[in-house]
Amino acid sequence: MSTPFDPDRWPAGYGPGSSGASGAGGGGGDEPPLFNDEDGLSADPSTGKVLPSGPEDPAAAPPRKPKPDPREAFLQWVSEQIGQVEAYQQPIAQKSAWCPEWWKHPEVVQRLYVAWKAYQQAVERMSEDKGAKSAWWVQHWDHHARILFDKQHGPFRACNQAGHLADNDGRPLPIVVELPPDEAPLI
């Protein structure tokens, strides 16, 4: 898995052209992508607002800026959302529920990624729906943040500012997934 500072790679199963994560291994496969980022639209990385595509005649179009790197825009949004919004309300004396290596938590990457995509859609809808950002806070961020920052049950429960799984001596949490017998009714 890549680090957030490697601009050429997304964590496996996330980002443009990904084939999604599946099962306990989180590897790709023949499943359809979880997210469709290949629509060719450009977005302002600071706001997520979709930029106009311009005239049909390429000769009449002014030179376009290079398309922003979606991974870079995502990381910028995470940095601003966590660092400026969530960290602002955290009491200084309390240990925050956060892992400095948050990208090693597939659930966290996916929750942040879908929250970012929903935020971009809310910004885009603001011209016709003035409450779109408010709805994003209530319907998306508040729910995800409640889970992400839950110190007892959230994905960072075994991490601290010293590092990934530091409260668990670096060992993954003990969850063993066994497959049921073929005759077990599941669906």
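Residue check: is Q139 within 26 Å of R71 (Cα to Cα) and not aromatic (F, W, Y)? Lay out the reasoning, then the answer.
Values: within 26 Å of R71 (Cα to Cα): yes; not aromatic (F, W, Y): yes.
Here the answer is yes, as Q139 does meet what is asked.
I'd like to know if segment 68-89 contains one or more residues that are farther than 30 Å from F149 by Cα and either modelled with pLDDT of 85 or more or open to solvent by 90 Å² or more (accessible area, probe 1.4 Å) (or both). First the steps, then the outcome.
Pass one, segment 68-89, residues farther than 30 Å from F149 by Cα: none.
There is no residue in segment 68-89 that is farther than 30 Å from F149 by Cα and either modelled with pLDDT of 85 or more or open to solvent by 90 Å² or more (accessible area, probe 1.4 Å) (or both).
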Inset, instruction - Restricting attention to segment 131-141, report how many residues are part of a helix (DSSP H, G or I) and over 14 Å from L112 (Cβ atoms). - result: 7
Legend entry - Every residue from segment 150-171 that is open to solvent by 100 Å² or more (accessible area, probe 1.4 Å) and either outside any loop (DSSP other than H, G, I, E, B) or modelled with pLDDT under 80 (or both): Q161, D169, R171
Legend entry - Single condition H140 does not satisfy, out of (1) open to solvent by 30 Å² or more (accessible area, probe 1.4 Å); (2) of a type outside the set (A, V, I, L, M); (3) more than 14 Å from the chain's Cα centre (by Cα); (4) at pLDDT 90 or above: (3)
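The values are calculated or read from the model by the stated rules, or taken from the named source; none is laboratory data. Just so it is clear, the model here is predicted, and its values are computed rather than measured. Neighbour counts are summed over all protein chains in view; Cβ atoms, including those assigned to glycine, are modelled from backbone coordinates with ideal geometry. Please note that ligands, DNA and RNA were not included when accessible areas were found on the heavy atoms of the full protein model with its side chains. Shrake-Rupley method; radii C 1.70, N 1.55, O 1.52, S 1.80 Å.
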